[in-house]
Amino acid sequence: MSLGPINAPAMAEMCWLLEQKDTRLLPDAIWLGGKRHIYQHLRSMEALSVTQEVAPSVLCPDCTSRSILPELLMPPISTRLPYRAYCSDCGWLPLNAEQSRLWHIRPAKIADWLNAALGLRDRHKVEMVVDDLLWYLGDREIRRQRRSLFFGCRIASDPTKVKTELARLACPGAEVLITTSDLAQFKTTPLADRQFLSLRAIAQLRKSHLVVESIEPYLTELATQEQTDETSLRLLHSQRAVLINGTKIPVSPQVHNFLTILEEADGDEVHKRHIASKLAIPTATFRTADIFKRHKQVQAIFIGNDNTGNYWLKPEFLTLERG
Ligand SMILES: [Zn+2]
């Protein structure tokens, strides 16, 4: 019986596992979860492996209704069946290592694959730079620009450490972080202005490895963000700054909060009464001339208003990727 295409679901499962807090799997999840062929495929590719850790309990493979406790049998019945467990219905059962021990996903394998697929293997050895989160794959020239390539998973669990390592190993703006993490979640972390590529967007599983088509088109898109005429609120939350014609202009906390209130309204009008209460200013003393005293240009460029006390963010500056 054919189980249909396997690489795409295996890729999806692998990416999902890489983002879990605990990357280990109980044997029951492997054998009884209905994805056995996917897990066996990932194991044959060495993306999944069987740990040395014995599972706290597994379902009896004969009756699949009782929990049993695998124990190492000394001496073993055979090298293939080194474990046994007692089921109150079925009696003693021999078990193999795959049925008795925890399995786990191996992010280092994915880093290895990427290192090879990106043509870095001859020059760089993969280096784990943040434990189980970040791997440095090596440097390569792409579109006449030297890029430092990284692979990361569960990045949001320690963005500060990841940022420190990116800054240590790559020139500013030259890092490319390939990840299984959801890119949207970085917007509120110190990594908001870093260059990410989704692993699933650029790579595909093949029989025994990962194939990367070309990351250049994705980088072109990123590169346009570096051009010097950008006017946007892209750095508002990561750096408390706005970009006007490519110049980064830091803004006061109050201006930051003002812009955030309008951003949250998604382009709708917000009355000054509401803004004043959010900023904890008495409505009577609310004057945008005071708030934007040092940031008149910021107000003129990003904010629209009418003469009845309504303010809004100009539509061209709304975040497009809103989910
Ligand atoms: Zn049983």
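Checked against (1) within 27 Å of the chain's Cα centre (by Cα); (2) at pLDDT 90 or above, residue 301 passes all but a single condition, namely (1).
So which residues in region 88-120 are within 16 Å of the ligand (Cβ to nearest atom) and assigned to a helix (DSSP H, G or I), if there are any at all?
Of all residues in region 88-120, those within 16 Å of the ligand (Cβ to nearest atom) come to 88-95, 99-100.
Selection gives 99, 100.
Residue-level analysis places residue 268 among those that are in contact with a strand residue (DSSP E or B) (Cβ under 8 Å, 6 or more places away or on another chain), of a type outside the set (Lys, Arg) and loosely packed, with under 13 Cβ neighbours inside 10 Å. Of the strands (runs of 3 or more DSSP E) entirely within region 121-205, none holds at least 1 residues that are in the same structural domain as residue 242 (by TED's automatic domain parsing) and free of Cβ contacts under 8 Å to residues at least 24 places away in the same chain. Return yes or no: is residue 112 surrounded by fewer than 20 Cβ atoms within 10 Å (Cβ to Cβ), closer than 25 Å to residue 164 by Cα and not aliphatic (A, V, I, L, M)? No. The set of residues from region 68-79 being away from the ligand (no atom under 16 Å from the Cβ) and modelled with pLDDT of 85 or more comprises 72, 73. Cβ-Cβ distances below 7 Å connect the following pairs, each with a first residue in region 231-253 that is over 12 Å from residue 302 (Cβ atoms), a second residue that is of a type in the set (Val, Ile, Thr) and outside any strand (DSSP E or B), and a separation of six or more residues or different chains: 237/188; 240/251; 241/251; 245/231; 246/228.
Confirm whether residue 252 is within 26 Å of residue 152 (Cβ to Cβ), out of contact with any Cys (no Cβ under 8 Å at 6 or more places or on another chain) and either of a type in the set (Val, Ile, Thr) or at pLDDT 80 or above (or both).
Values: within 26 Å of residue 152 (Cβ to Cβ): no; out of contact with any Cys (no Cβ under 8 Å at 6 or more places or on another chain): yes; either of a type in the set (Val, Ile, Thr) or at pLDDT 80 or above (or both): yes.
The answer is no for residue 252.
Checking each residue in region 220-244 for being hydrophobic (A, V, I, L, M, F, W, C) and either at pLDDT 75 or above or assigned to a strand (DSSP E or B) (or both) picks out 233, 235, 236, 241, 242, 243, 244.
The values are calculated or read from the model by the stated rules, or taken from the named source; none is laboratory data. As the structure is a prediction and not an experimental result, all values here were calculated from the model. Note that we place each Cβ from the backbone using ideal geometry, even for glycine, and neighbour counts take in every protein chain shown.
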